[in-house]
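The values are calculated or read from the model by the stated rules, or taken from the named source; none is laboratory data. Given the structure is predicted, the values throughout are model-derived calculations rather than measurements. Cβ: placed from backbone, ideal geometry, glycine included. Neighbour counts: every protein chain shown. The protein model used for the area step is the full one, side chains on, heavy atoms only, and it has no ligands, DNA or RNA in it. Shrake-Rupley method; radii C 1.70, N 1.55, O 1.52, S 1.80 Å.
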Amino acid sequence: MRFWLRTEEMALEEMVQRLNAVSKHTDEIMHQDIVPLCAADIQDQLKKRFAYLSGGRGQDGSPVITFPDYPAFSEIPDKEFQNVMTYLTSIPSLQDAGIGFILVIDRRRDKWTSVKASVLRIAASFPANLQLVLVLRPTGFFQRTLSDIAFKFNRDDFKMKVPVIMLSSVPDLHGYIDKSQLTEDLGGTLDYCHSRWLCQRTAIESFALMVKHTAQMLQSFGTELAETELPNDVQSTSSVLCAHTEKKDKAKEDLRLALKEGHSVLESLGELQAEGSEPGVNQDQLDNQATVQRLLAQLNETEAAFDEFWAKHQQKLEQCLQLRHFEQGFREVKAILDAVCQKIATFTDIGNSLAHVEHLLRDLASFEEKSGVSVERARALSLDGEQLIENKHYAVDSIRPKCQELRHLCDQFSAEIVRRRGLLSKSLELHRRLETSLKWCDEGIYLLASQPVDKCQSQDGAEAALQEIEKFLETSAENKIQELNTIYKEYESILNQDLMEHVRKVFQKQASMEEVFHRRQASLKKLAARQTRPVQPVAPRPEALAKSPCPSPGIRRGSENSSSEGGALRRGPYRRAKSEISESRQGRGSAGEEEESLAILRRHVMSELLDTERAYVEELLCVLEGYAAEMDNPLMAHLLSTGLHNKKDVLFGNMEEIYHFHNRIFLRELENYIDCPELVGRCFLERMEDFQIYEKYCQNKPRSESLWRQCSDCPFFQECQRKLDHKLSLDSYLLKPVQRITKYQLLLKEMLKYSKNCEGAEDLQEALSSILGILKAVNDSMHLIAITGYDGNLGDLGKLLMQGSFSVWTDHKRGHTKVKELARFKPMQRHLFLHEKAVLFCKKREENGEGYEKAPSYSYKQSLNMAAVGITENVKGDAKKFEIWYNAREEVYIVQAPTPEIKAAWVNEIRKVLTSQLQACREASQHRALEQSQSLPLPAPTSTSPSRGNSRNLKKLEERKTDPLSLEGYVSSAPLPKPPEKGKGWSKTSHSLEAPEDDGGWSSAEEQVNSSDAEEDGGLGLKKLVPGKYTVVADHEKGGPDALVVRSGDVVELVQQGDEGLWYVRDPTTGKEGWVPASSLSVQLGPSGSAQCLSSSESSPGSAVLSNSSSCSEGGQAPFSDLQG
C-alpha cells in the first residue's frame, strides 16, 4: 500500500509540475506578471490604430512599432495612450523586447508643432527600451524647412536615451529598416491588417487564458483527489468513486474544449512554416503560431499526465471498493460460519433407536446441504481474496489473514461434519446390531410360544420341536451380540450411559432368551429320549375321572377361578394336557411358559408403542422444522403465495404444542415402563388431561384442510418436500396427530388383552375408557363447532354428553296457542346434542366438498332446558322410540333412534342427568331441613318408639352418605322392613297427597296417549298401583338376610310396596321372596298398554322431571301410573 501511495504521489507531482509550466507560459505570453492587460480589455483603444505592432523587425531583430499619421493624436487621453503602449510592448518575447524597440513615427502630413509634441509625448511615456526613433517629417516645403531649422535649434529638447533621426522620405526609412519589415503604407511589403491582427490577438489570449484556467482546475482537482481519505464502507466508497468519476469527466471535457479552441486558433493563424521564410509572413505571426502550438503540446502533455494520475487514483478507489466488498462479505460469511459451527456443536445426540439415528443422519445431511451454501460462499470469497492478492492489491496485508481464516473455518466445518457423520454411522451400526439381536430374540420367543405343548409329548413331536430349536440356535452367530466387552471397546466413542444401559439390557434379554432355549432344548431331549423306555401302566386317579374334554360352564368357571388363584395356566396359545401324567409333570412348566409368552407379547406391544411414539415425535419435528419454521425464513419468502401470509397457525394448528407434550413429557414417561409394560396404563391416566390438546387440533383441522386445498400447488411446499426428501406431501403429515390419537386405543386394547390378570389391568381398562372418551369428545366437538344459528354460548350448556341423528315427531297437546302444534305424521330429521343443562335440536345439512369440507353443518332449531325435561323410555309399537317431554308434557317429542342400542344409551344418559339433578335437589332440601332442625330445640321423646316423622328425619341424615338408588344404602342405615305376614296377599302403603314441602318425592304421571281425563287434569294426580309381574332391569346381589338376589331379565311378582323405595317381591321360578329396590324393576306391558312414565319433581317450579321404567322416592313412595289399553 505504501508503494502504491508513493507511485500516486509521484504521478501527482509530475502532473502539478506540468500544470505550473503551463500557467507560467501563459503568464509569459500575456505578461500578466507585470501588467494584467488583454486585447479584449482595451479593444476599443486598439481599434483607433494610433499605434500598432506590425510584426516587422529591425536588422538586429528589434520589434518595430509604427505610429501612423493620426490627426487626433494629441487628443488621445494619457491613460489610453499608456495602455496601448504597455500592451504593444508586452507582445514580443522578452528576448526581442530586451534588444529594444524601433519606433517609426509617420508625420508626413502633419505640422512641425504636432511632430514635436508627438515625439516628446512618446519619449516621455514609452514603457519599454528604445533602440531607435525614426521620424518621417512633413513633406511640405515650408514645414520641412521649418522642421530642419527647428530641429537644429531645439535639439536639446529631443535629448533622449536613444537617437532620434528625422527622415525626409520613405526611401530614407528603407535604409534603416528593410522593406520586407515595413507595411505597405511605408513602402514595404509586409502584409498587415490591423483588424485581423486584433482578432488573432484576442483569440490567442482567450485560448491562453482558457489553458491557464484548465491548468488551475486540474491542479486543484488533483490535489483534492490526492487528499481524499478512503472510506470504510462499501456505500461511501462507491459514492466517492462516482463523485470523482463525474469530476474527472468534467475536467476531461474542459481539456477537450481547450484543445478544440487551440486548434481553431492555430487554423486561423494559417499554415505557416516554422522558419518564416515565406514572404508576407511577419515574425509576430510566426511567434503566435509557435505559441499556440506550444500551448497545445503542453495541454496534451498535461492531459496525459492527468490520465496517468487518474488511472492510478481510479485503481486505488476501485481496489478500495473491492476491499470493502471483501471485508463486508468476510464479516457476513464469518458470522454465518460461526453460527453454523455453533449449531453443529449442539449436535451431540447419537440417537436412542435405529429410527432416531436415521432421523439424525437425515437432519445432519439436511443441515450440511443448507450450510453448504454458506461454506461455498466462504470458499469463493477466499478465492476472490487470493485473486486480489495476485492482482497486487494495495491491502495485501489485510486480505491474506482473512483468506486464511475463511479456509480454516471451512475446513473446520467439513471436519466436524465428517466427525459427526462418523459417530452417527457408528451409532447406526450399533443400533442395527441391537435391532437385529432384539428381532432375533423376539423370533426365538415366538418360536417357543408357537410350539404346542401337547404335541411335544410324543417322540416325533419332541424331535421336531428340538430340530426347530437347534436350527434357530445355529443363526445365533450372525444375529446375537457375542461379547459385551467387545461391544464396549468397539463403540467406545459413542457410548453414553443410556446407550450402555440399552446394550446391557439387550445383552441380558439375549442371554435370558438363550437360557430359555437351552432349558427347552434339554427338556425336549429328555422327552425324546424318554419315549424309548417302556411305559408302566398306571391306574387313573379318581380326580382324572372328573375331567372332560368339554367341561360344563360351571366346572370350567370353577377351574378357571382356581387356576387364577394358584397361578395355573391362563388362556393362550397352549392347550390343556389330556393325560393326568403329562398335566402333573408339565402343568407348572406350561403355566410359566404361557406367562412368559404373555410377557413377551406385552413387551412386543410396548416396543411397538415406543417405536411408533418416537417415529411420531420425529415426524412432528420434521414438519415443524421443514415446513412451519421455513415459513418464517426470509430466503423462502419469495416462494410463499399471498394466501399463506400470516396463516401458519391456521395450517399447523397447535401441532407445536402437541410436539412439546410428546417429546418432553409423554415419550420420556413411556420409556420408564419398558420393564413393566403392564403398568403403562398409569402413564396414560396421569397425562389424560394433556390429551385434551388434540381436541383443539381436530377442531382446527377443517380450516387447515381448506387452506391446504387452496395453496397445495404453492412452490414453497414443493421446495420444502424436496429438501426433506418426503415422498408424501404435507397434508399426509398434518393428518398424523388425528391418526395417532386413534392408535392409542388399539395399542391399549392389545396390552389389556395380554394383561388380564396383571397388576395394572384395571389401570389399562380405565386408560382405554378414558382414551375412548377423548375420542368421543373430539368427535362430538367436531360436530359441535358445526352448529350455526345458536345465539347463546354453547359452553354455558355444560359438557356435551352425546350427539346423534334421529327421526322426531312432535305431539304438543297443551300450552298457549302460539306454541301449539299439530301432530306430524312425517318425522323430522333432527340431530340432537345432549348437554348437561340442555338438549339441542338441529337440522343436519350436508355440504359438498372433499375431506373435512364434506363434514355436515347443523342449523339450530330449538333447545330444551334439562331442568324441565322428562322422558318416557318406551313408546308403544317401536322398541327404538322414546319420548322427551317438556314442562309437564306441554311439549312432547317422540324420538326414534337408528337402533335399540342407541336408544338405550341415550335413555340411560338422560336418566343419569335427571337423576343427578334430582339428587342435587334432594341434598339441597335435606340441607335446609338439617339447618331448621339444628336451629329449633329438639322435643323430648314422648314414647320409647320413634315417631314416623322422626324416623324419616333420621333416615334423611343417613341417606346423605348413601346412594339413594342402591339397596346398600338402606341396609347400612336401617334394617330391612319385616316381610309381610303369610297369606295377607298383595298390599301397599297409603299415599298422602299432602306431603311436607321438603319431602322431595317422586310424583307419577302416566303417558297421555289414550286418556282424555289425564289430559284435562294435567296428568299430575296419583293413580293406584296395579299388582302384577315386573322385569328385573338391574342385578342385585347385596343386602340383608331379607333381600332377594335377582339378576337382570328375571321376572318377579309384586307382593307388597314398602317404604324407602323397597318392594317385597316373589320369584315365581324358585318361590323365594324378599326386598328389592324399586329402581331395579320394570313393569311388563299388557296387550294394549304402553310403558309407564315416571316423573320426579321438587316442590320448586321448573325442577327436573325423570321418566323411566322404575323409580324410588325419598319417603318410600314409588307409585306407577295405571296402564290403559
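Can you pull out the residues in the stretch 867-906 that are part of a strand (DSSP E or B), within 55 Å of the chain's Cα centre (by Cα) and not aromatic (Phe, Trp, Tyr)? Spell out the reasoning first.
Just the residues of the stretch 867-906 that are part of a strand (DSSP E or B), to begin with: 869-872, 875, 878, 881-886, 891-896.
Of the ones still in play, those that are also within 55 Å of the chain's Cα centre (by Cα) are 869-871, 881-886, 891-896.
Matches in the stretch 867-906: Val869, Gly870, Ile871, Lys881, Glu883, Ile884, Glu891, Val892, Ile894, Val895, Gln896.
Which of the residues spanning the stretch 281-315 are modelled with pLDDT of 80 or more and either among the charged types (D, E, K, R) or not in a helix (DSSP H, G or I) (or both)?
Within the stretch 281-315, Arg294, Glu301, Glu303, Asp307, Glu308, Lys312 qualify.
So which residues in the stretch 411-422 are surrounded by fewer than 20 Cβ atoms within 10 Å (Cβ to Cβ) and of a type outside the set (Ser, Thr, Tyr), if there are any at all?
Selection gives Asp411, Gln412, Ala415, Glu416, Val418, Arg419, Arg421, Gly422.
Which numbered condition trips up Lys370, out of (1) in a helix (DSSP H, G or I); (2) open to solvent by less than 80 Å² (accessible area, probe 1.4 Å)?
(2)
Scan the stretch 699-718 residue by residue and report those that are among the acidic types (Asp, Glu) and in a helix (DSSP H, G or I).
Matches in the stretch 699-718: Glu705 only.
Test Ser374 against the stated conditions and say whether it is out of contact with any Leu (no Cβ under 6 Å at 6 or more places or on another chain), of a type outside the set (D, E, K, R), in contact (Cβ under 8 Å) with a residue 40 or more places away in the chain and closer than 12 Å to Lys334 by Cβ.
Working: out of contact with any Leu (no Cβ under 6 Å at 6 or more places or on another chain): yes; of a type outside the set (D, E, K, R): yes; in contact (Cβ under 8 Å) with a residue 40 or more places away in the chain: yes; closer than 12 Å to Lys334 by Cβ: yes.
When the stated conditions are applied, Ser374 passes them.
For residues that are touching a residue at least 40 places away in the same chain (Cβ under 8 Å) and open to solvent by 10 Å² or more (accessible area, probe 1.4 Å), scanning just the stretch 727-736, find the one that is nearest to Ala628 (Cα to Cα). Reasoning before the result, please.
So the first thing to find is which residues in the stretch 727-736 are touching a residue at least 40 places away in the same chain (Cβ under 8 Å), and the list is 730, 733-734, 736.
From what's left, open to solvent by 10 Å² or more (accessible area, probe 1.4 Å): 733, 736.
Details: Tyr733: 12, Lys736: 15 Å.
So, considering only residues that are touching a residue at least 40 places away in the same chain (Cβ under 8 Å) and open to solvent by 10 Å² or more (accessible area, probe 1.4 Å), the one nearest to Ala628 (Cα to Cα) is Tyr733.
Give the residue, chosen from Glu678, Glu695, that is in contact with a Cys (Cβ under 6 Å, 6 or more places away or on another chain) and outside any loop (DSSP other than H, G, I, E, B).
Numbers: Glu695 fails: in contact with a Cys (Cβ under 6 Å, 6 or more places away or on another chain).
Matching residue, one of Glu678, Glu695: Glu678.
Condition test on Lys480, is it at pLDDT below 85 and more than 24 Å from Glu594 (Cα to Cα)?
Numbers: at pLDDT below 85: yes; more than 24 Å from Glu594 (Cα to Cα): yes.
When the stated conditions are applied, Lys480 passes them.
List pairs: first residue in the stretch 394-412 and of a type in the set (Lys, Arg), second residue open to solvent by less than 90 Å² (accessible area, probe 1.4 Å) anywhere in the structure, Cβ distance under 7 angstrom, at least six positions apart or on different chains.
Arg400/Ile389; Lys402/Phe330; Lys402/Gly385; Arg407/Ser382
Report whether or not Lys756 is under 22 Å from His604 (Cβ atoms), assigned to a helix (DSSP H, G or I) and basic (Lys, Arg).
Details: under 22 Å from His604 (Cβ atoms): yes; assigned to a helix (DSSP H, G or I): no; basic (Lys, Arg): yes.
When the stated conditions are applied, Lys756 does not pass them.
Of the residues that sit in the stretch 505-528 and are open to solvent by 60 Å² or more (accessible area, probe 1.4 Å) and within 48 Å of the chain's Cα centre (by Cα), which one is nearest to Val357 (Cα to Cα)?
This residue is Lys505.
Find the residue count for the stretch 685-705, including only residues that are aliphatic (A, V, I, L, M) and more than 14 Å from Leu772 (Cβ to Cβ). Full working, then the answer.
At the first step, the residues of the stretch 685-705 found to be aliphatic (A, V, I, L, M) are 685, 688, 693.
From what is left, the residues that are more than 14 Å from Leu772 (Cβ to Cβ) are 693.
Matching residues across the stretch 685-705 total 1.
Mind checking whether some residue in the stretch 480-494 is touching a Ser or Thr at 6+ places or on another chain (Cβ under 6 Å) and closer than 13 Å to Ser437 by Cα?
Of all residues in the stretch 480-494, those touching a Ser or Thr at 6+ places or on another chain (Cβ under 6 Å) come to 480-481, 494.
Those still in the list that are closer than 13 Å to Ser437 by Cα too: 480-481.
Scanning the stretch 480-494 turns up at least one residue that is touching a Ser or Thr at 6+ places or on another chain (Cβ under 6 Å) and closer than 13 Å to Ser437 by Cα.
Restricting to the stretch 201-238, give me the number of residues that are over 53 Å from the mean Cα position of the chain (by Cα) and of a type in the set (Gly, Ala, Ser).
Final tally of qualifying residues: 6.
Does any residue in the stretch 413-424 that is within 11 Å of Leu360 (Cα to Cα) come within less than 7 Å, Cβ to Cβ, of a residue that is assigned to a helix (DSSP H, G or I) six or more places away or on a different chain, and which pairs are these?
Arg420/Ile344; Arg420/Leu364; Arg421/Leu364; Leu424/Val357; Leu424/Leu360; Leu424/Leu361; Leu424/Leu364
Among the residues of the stretch 64-75, count how many are open to solvent by less than 30 Å² (accessible area, probe 1.4 Å) and in contact (Cβ under 8 Å) with a residue 40 or more places away in the chain.
Final tally of qualifying residues: 5.
Suppose we keep only residues that are within 17 Å of Leu286 (Cα to Cα) and in contact (Cβ under 8 Å) with a residue 40 or more places away in the chain within the stretch 76-95. Which one would you say is least open to solvent (accessible area, probe 1.4 Å)?
Once the filter is applied, the top-ranked residue is Pro92.
Residue by residue, here is whether (1) outside any helix (DSSP H, G or I); (2) in contact with a Pro (Cβ under 7 Å, 6 or more places away or on another chain); (3) open to solvent by less than 50 Å² (accessible area, probe 1.4 Å); (4) at pLDDT 80 or above holds:
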| residue | (1), (2), (3), (4) |
| --- | --- |
| Tyr192 | yes, no, yes, yes |
| Trp197 | no, no, yes, yes |
| Arg201 | no, no, yes, yes |
| Ile204 | no, no, yes, yes |
| Leu209 | no, no, no, yes |
| Thr214 | no, no, yes, yes |
| Met217 | no, no, no, yes |
| Ser220 | no, no, no, yes |
| Thr223 | no, no, no, yes |
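Kindly provide the set of residues from the stretch 164-187 that are touching a residue at least 60 places away in the same chain (Cβ under 8 Å), part of a loop (DSSP other than H, G, I, E, B) and either surrounded by fewer than 21 Cβ atoms within 10 Å (Cβ to Cβ) or among the acidic types (Asp, Glu) (or both), ordered by number.
Step one: of the stretch 164-187, the residues touching a residue at least 60 places away in the same chain (Cβ under 8 Å) are 173, 176-178, 180-183, 185-186.
Pick out the ones that are also part of a loop (DSSP other than H, G, I, E, B) and you get 176-178, 182.
Tyr176, Asp178 - these are the residues of the stretch 164-187 that are touching a residue at least 60 places away in the same chain (Cβ under 8 Å), part of a loop (DSSP other than H, G, I, E, B) and either surrounded by fewer than 21 Cβ atoms within 10 Å (Cβ to Cβ) or among the acidic types (Asp, Glu) (or both).
In the list Ala920, Ala904, which residue meets the criterion of being open to solvent by 40 Å² or more (accessible area, probe 1.4 Å) and over 24 Å from His831 (Cβ atoms)? Write out each step before concluding.
Working: Ala904 fails: over 24 Å from His831 (Cβ atoms).
Only one candidate passes the filter, namely Ala920.
If a residue must be under 30 Å from Leu524 (Cα atoms) and surrounded by 17 or more Cβ atoms within 10 Å (Cβ to Cβ), how many such residues does the stretch 477-504 contain?
Total meeting the criteria: 3.
Can you tell me which residue among Gln765, Gln721, Gln739, Gln745 is loosely packed, with under 13 Cβ neighbours inside 10 Å and either of a type in the set (Lys, Arg) or in a helix (DSSP H, G or I) (or both)? Break it down stepwise before answering.
Working: Gln765 fails: loosely packed, with under 13 Cβ neighbours inside 10 Å; Gln721 fails: loosely packed, with under 13 Cβ neighbours inside 10 Å; Gln745 fails: loosely packed, with under 13 Cβ neighbours inside 10 Å.
Going through Gln765, Gln721, Gln739, Gln745 in turn, the sole match is Gln739.
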